[in-house]
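Remarks on the structure that follows.
The numbers here are math on the coordinates, done by the rules we state, and not lab data. Keep in mind that this is a model prediction, so the values were computed, not measured. Positions of Cβ are backbone-derived with ideal geometry, glycine not excepted, and every protein chain shown enters the neighbour counts.
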Amino acid sequence: MIVELRNPTRTVEFDEAMSVAKLLNRLKVDRGSVLVICDGTLVPYDSKLAADAVVEIRNVISGGAA
Amino acid sequence: MKCRVCRGPAVIDLKRHNANFCGEHFLRFCNSQVEKAIGEYDMFTKEDKLLVAVSGGKDSLAVWAILIELGYQADGLYIGLGIGDYSDISGQYAKDFAEARDLNLHVVDLVEEYGYDVPNGSKAAKRVPCSACGMSKRHIFDRVALEHGYDVLVTGHNLDDEAAVLFGNVLHWQTDYLARQHPVLPERDGMPRKVKPLVRLDEREMAAYCVVSGIDYMLDECPMSAGNSHLRYKDALNLVEQNSPGTKQAFFHKFLSQGAPFFADAGEEARAELGTCATCGGPTPNDVCAFCRLVERAGGQPVKLTRAPARS
Ligand code: SF4
Ligand SMILES: [Zn+2]
Ligand SMILES: [Zn+2]
């Protein structure tokens, strides 16, 4: 599967299918700070991502102080 | 994972509510949290004219969408801050959002109307960019609200923003800031009321609201925000939240119900010291307000606050 991350923008690839929870664990990403989007839809942490899925991990923490 | 309401497949899990929702019921959940905040803090009514400060980011576009959905009269205000590509692109998101929904968006450009941008203004005034930026935005919010007769200024500050600001104010025991930290700042000397209808929703929920409802928003961060203390406070609170979901919500909302009354006196004192700026007419404890001094140092031109004729 192809996983797109931001800040900094990068792509990570995995060969096998896995759940969102496992993917976030592998990438050491806190699930409270991101959304996982597959084919334009949000996917919850227990859903299974196919080996050929294209997945976006979107950070949700913004930095503006005012 | 199943939706708490309809038992259909869920798209999001909200740990702090111990609940999962499908797309439709998640959007309804967000709308109801906003309505609850509006009622709980007596923010405004359907008769009020609202001006929503929009940056092109998730929170401000989402709050505007929700208010329209709930039947409020809400126009938008976008301020071009002159922060390179970031400003150009975020402005486009705000304009596209308004155009697609046939909403009224006011646009004010800092460079065109005041003669400086945030990077140069902050250098000239020897302030950190977010301080110069916040000061400029607050002045322009007041100005546009007064000129066009808006009763209430709405911002997209969410629970994470408010908890991080509270954390910073507590770490430094800023009692005057603690006194002012409330989802509603009342109108004063003709300046509009300021409200934060998203205080019951967190950042992840707002980003999810945009994804589920198809709102395109600016994903890149403002380049000025890198490494600022606000982000560090958010990180610290998120660490606690990971192990104890609901901590941020309790921290902020219990401050409002139980902590804030202890700081009311500090707020009264600060308010009593406020006079009127000789240059722009805005509120200030000095002869000339900090914003007008910033404009002067940055080599720009101040603009006087003028009021729209009273509505009948
Ligand atoms: S991060 Fe700071 S400089 Fe950038 S828009 Fe937000 S307040 Fe302004
Ligand atoms: Zn449902
Ligand atoms: Zn002034």
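Rounded to the nearest 500, the helix-only mean residue ellipticity at 222 nm of chain B stands at -15000 deg cm²/dmol, with each DSSP H run of n ≥ 4 adding -39,500 (n - 2.57). Within segment B:247-312, the trypsin sites (Lys or Arg not before Pro) that combine a DSSP coil assignment with at most 12 other C-beta atoms in a 10 angstrom radius are B:Lys304, B:Arg307, B:Arg311. Both radii are taken from the alpha-carbon atoms of chain B; with Rh as the Kirkwood radius, Rg/Rh is 0.95. With both residues required to sit in the protein assembly as shown, DSSP beta bridges show an antiparallel share near 50%. Of the beta bridges in chain B, as assigned by DSSP with both residues counted there, near 35 percent are antiparallel.
Mean separation of Cα pairs under 8 Å and 6 or more residues apart, divided by the residue count, gives segment B:43-162 a relative contact order of 34 percent. Distance distribution P(r), segment B:96-188, all Cα-Cα pairs, bin width 10 angstrom from 0: 12, 33, 40, 14, 1 percent. Annotation: amide H-H contacts under 5 Å for B:Thr284 (H modelled 1.01 Å from N, sequence separation of 5 or more, or interchain): B:Gly275, B:Thr276, B:Cys277. Electrostatic bookkeeping for B:Glu273 treats Lys and Arg as +1 and Asp and Glu as -1; over the other residues with beta carbon under 14 Å from its beta carbon, the sum is -3. Of B:Asp13, B:Asp85, B:Asp48, which has the largest mean-square fluctuation in a 10 Å C-alpha GNM of chain B? Its mean-square fluctuation being the largest, the pick is B:Asp85.
Charged side chains reduced to their Cβ positions (Lys and Arg at +1, Asp and Glu at -1) give segment B:196-290 a dipole of some 280 debye around its Cα centre.
Restriction of the GluC sites (Glu not before Pro) in segment B:18-64 to DSSP coil positions whose beta-carbon has at most 10 other beta-carbons within 10 angstrom yields B:Glu47. Treating r as the C-beta distance of A:Asp52 and B:Ser244 and R0 as 35 Å, the FRET efficiency rounds to 0.40.
Only one residue of B:Gly246, B:Asn286, B:Gly190 has its Cα farthest out toward the positive end of the dipole of chain B, where Lys and Arg carry +1 and Asp and Glu -1 on Cβ, and that residue is B:Gly246.
In loop segments of chain A as defined by DSSP, the trypsin sites (Lys or Arg not before Pro) with at most 16 further C-beta atoms inside 10 Å of their C-beta are A:Arg6, A:Lys28. Using +1 at the Cβ of each Lys and Arg and -1 at the Cβ of each Asp and Glu in segment A:2-59, identify which of A:Val43, A:Val29, A:Phe14 lies farthest towards the dipole's positive end. Ranked along the dipole, the leading option is A:Val29.
Its Cα centre serving as origin, the protein assembly as shown has a Cβ charge dipole (Lys and Arg +1, Asp and Glu -1) of approximately 740 debye. Against the empirical 2.2 N^0.38 Å (N residues), segment A:2-59 has a Cα radius of gyration ratio of 0.98.
Taking every DSSP beta bridge that has both ends in segment B:74-216, the antiparallel portion is near 25%. Taking a ≥ b ≥ c as the square roots of the Cα gyration tensor eigenvalues, with a/c under 1.5 meaning rounded and otherwise prolate when a/b beats b/c, else oblate, which class fits segment B:142-205? Verdict is oblate for segment B:142-205.
If the only charges are +1 at each Lys and Arg Cβ and -1 at each Asp and Glu Cβ, what is the size of the charge dipole of segment A:2-59 around the Cα centre, to the nearest 20 debye? If you can, show how the numbers build up before the last one.
Working: 8 positive and 9 negative charges, 61 e Å.
So the magnitude is around 300 debye.
No solvent, one uniform scatterer per C-alpha: report log10 I(q)/I(0) for the protein assembly as shown via the Debye equation at q = 0.06, 0.10, 0.14 1/Å, two decimals. Log10 of I(q)/I(0), two decimals: -0.24, -0.66, -1.31. Stretched out straight at 0.36 nm per residue, the stretch from B:Arg271 to B:Asp216 would grow longer than its current Cα-Cα span by 15.8 nm. All other residues whose Cβ lies under 14 angstrom from that of B:Met1 are scored, Lys and Arg at +1 and Asp and Glu at -1, for a net of +4. Which of the listed residues, B:Ala62, B:Phe29, B:Ile89, is farthest toward the dipole's positive end in segment B:1-105, when Lys, Arg count +1 and Asp, Glu count -1 at the beta-carbon? Highest projection toward the positive end goes to B:Phe29.
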